[in-house]
Amino acid sequence: MMGRMASEETRTTDSRTATGPDTRPDGGTVRPGGGTVRPERPAGPRGPAAAPGRPRAWVARLIVVGIVLSALNLRPAITSLGALLEEVRDGLGMSGSVAGVLTSVPPLCFAVFGVMAPRLARRFGLAAVVCAGMAAITAGLLIRPYTGNTAGFLAGSALALMGIAVSNVLMPVIVKRWFPDRVGSMTGLYSMALALGTSLAAAVTVPMTDALGGSWQSGLTVWAVIAAVAVLPWLPLVRDRGATPVGPAPRVDAEPYAEAGPERTPALRITRSRTAWALAVFFGLQATAAYITMGWMAQIFRDAGVPAGTAGLLLAVTMVMGVPLAFVIPRLATRLPHQGPIVLALGVCGLAGYAGLYLAPAAGAWAWALLLGVSNCAFPLALTMVGMRARTGAGVAQLSAFAQSTGYLISIPGPLLVGVLYQQSGGWGVPIALMAALMLPQMAVGFLAGRDRTVEDEAAAAR
């Protein structure tokens, strides 16, 4: 499937340069919802265009492989820890509140380091930054289990999460740049790979730990192997700093966000866009739900009397729901003028799942895991809307950094608050009620973010 999708991207179309009722005199095309897409800049003094034919298709396939392998590594550092959280707490002497801090580290790192991603990519190139991100994940996963104390474990986790953070932000940009006419399908592909890696880590970490002698350190370290493999496809692209993206997109070189045309486009005032703010809050609230789920759901089931191995499988079921749905939802979203109905449907599933966890956590465990898995597919939907709510690659880069960094800042208190409430109340009733309550504003802002408009138009109108 990856080869077929990549080869499709090598086809060029004449529709972008044709004259007619859907084109402007300067060669730009008119978008159906308003606004225009500016023509691509021809290769110039900053580097030659990639040769057509087989090298171009080879680069396309390599990029697809890199996207898939990278996406596989964007969550195992978190869900493998969630499956072994009780063992890690006992081994390092953590209280419930400190464990809550640990589950809040991912969104904190994503917010702090994610905002740096566009600047790093402008200086070093997209492929170089993602390659470095995969290397950081590898190093962090190798280091953190063997530091011997909570502070060292947090530092190793932060290193891995730094690599995840920059890759999180740049994945939508890579898709928009190299596959601009297949945003939905490519977003679905890497979202599906992300969900697969998430669920795989949740499902096999406990049995793999048992097979390795019961050492939680070994069970966490093994995930560094997959991260190391993900470094490899980006290495040829790092060396070729002047590579041209596949398909009808502007060149990507040392400054990947330079816009088409002889002059640089002024920076987009992203904070003037209501849609950008709605998308950021939506992203933050869905991330809150996701990291509470990844950090605490297995423990909720274990406290309800479910065996540790089964609790890990339940978490895996929740995560694996994203594998098929992460491919279907983005494709469906790109075909709808308003993504609000999808937001509402996912929210209803989340409310039903939380109600089940509150009333009968063990008796209906598999049903609640399925419902919460569907609800967690708000993540690929949010990524898809990032690509749809901006017209240009530069706009997607700014919107992705703003929405993800702001969103992850919003999500930081959630897992920490759940840990505190769990310890203070002595049970899961109050934390689950909090999770359900947060689903309501998530549905509201997601509905607003799904409207058919672009951040460039809103920012211009606000001047």
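Points worth noting:
- The accessible surface of segment 104-196, taken with every protein chain in place and a 1.4 Å probe, is 71 percent carbon and sulfur.
- Cα gyration tensor shape of segment 65-127, rounded if a/c is under 1.5, else prolate or oblate by comparing a/b with b/c: oblate
- Per residue, the convex hull spanned by the Cα atoms of segment 299-440 measures out at 110 cubic angstrom.
- Rounded if a/c under 1.5, otherwise prolate or oblate - segment 123-226, Cα gyration tensor axes: oblate
- Rounded accessible area per residue of segment 149-206, 1.4 Å, Å²: 20 Å²
- Solvent accessible area, Å² - M443, 1.4 Å probe, full protein context: 30 Å²
- Residue-wise HN-Hα coupling along segment 276-291, computed from phi with Karplus coefficients 6.51, -1.76, 1.60 (Hz; x: Gly, Pro): 4, 5, 4, 5, 5, 5, 4, 4, x, 6, 5, 5, 4, 4, 5, 6
- The distance from the alpha carbon centre of segment 291-330 to that of segment 365-419 is 17 Å, rounded to a whole number.
- For segment 277-333, with all protein chains in place and a probe radius of 1.4 Å, 77% of the accessible heavy-atom surface sits on carbon or sulfur.
- Per-peptide average of other Cβ atoms within 10 Å, ordering 315-325, 432-442 highest first: 315-325, 432-442
The values are calculated or read from the model by the stated rules, or taken from the named source; none is laboratory data. This is a predicted model, so every value here is computed, not measured. Note: ideal-geometry Cβ built from the backbone for every residue, glycine included; neighbour counts use all protein chains shown. When the accessible area is computed, the model is the full protein with side chains, heavy atoms only, and any ligands, DNA or RNA have been set aside. Shrake-Rupley method; radii C 1.70, N 1.55, O 1.52, S 1.80 Å.
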